[in-house]
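Take a look at the structure set out below.
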Amino acid sequence: MKKIKKKRPKFNKVVKTCCLCDSRIRDNQKIFALDFSIPKLDTSKKAGELFPFIISAINKTVWAIIPTLDSDARKDGKDYIFVTCSENCKKQLKELLIKELTDNQINAVTN
């Protein structure tokens, strides 16, 4: 069983590591971003910070980036962005997050 990480990672590590499989993402490698929002949840006070999501099904903490208030991502309605290394990891993460949020009776909007 994997231990759930409680220590906040450095921002640079989050943008260069797949949050699901922990693979390193090289500078020239494509990033597959998963973004979503949770209606009625205000993230403006945490803009520009990292936010932990615990996925109990895999006993893991994944870190989301909360876009800054003036960013294009925020203007497009994206409240959380997860960095993944592949379409497969992105798809798996989306399914896990939806299940976790549904189990906790939280409605989310994903891409």
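Read-outs: derived from the displayed coordinates by stated rules, not from any lab. Predicted model, so just to flag it, every value in this text is computed and none were measured. No Cβ is skipped: glycine too gets one built from the backbone with ideal geometry, and neighbour counts run over all protein chains shown.
Quick look at the values:
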read-out: Reduced Cα scattering model of the stretch 1-62, Debye log10 I(q)/I(0), q = 0.15, 0.26 Å⁻¹; value: -0.57, -1.33
read-out: Candidates P67, P39, P52, ranked by Gaussian network fluctuation over the chain, Cα under 10 Å, top entry; value: P39
read-out: Within the stretch 1-68, trypsin sites (Lys or Arg not before Pro) in DSSP loop having at most 10 other beta-carbon neighbours inside 10 Å; value: K2, K3, K6, K7, K10, R26, K30, K40
read-out: Label point 7 Å beyond Cα of I98 along Cβ direction - residues of the stretch 5-48 with amide nitrogen under 16 Å; value: 34-39
read-out: Contour minus Cα-Cα distance for K45 and A57 (0.36 nm per residue); value: 1.4 nm
read-out: Net length gained if the chain between I38 and R26 were fully extended (0.36 nm per residue, minus Cα distance); value: 1.3 nm
read-out: Over the stretch 11-110, equivalent-ellipsoid semi-axes from the Cα gyration tensor in Å; value: 20, 18, 11
read-out: Above-threshold pairs, the threshold being 21 Å between Cα atoms, out of K13/K46; K13/K60; K10/K91; K30/K91; value: K10/K91
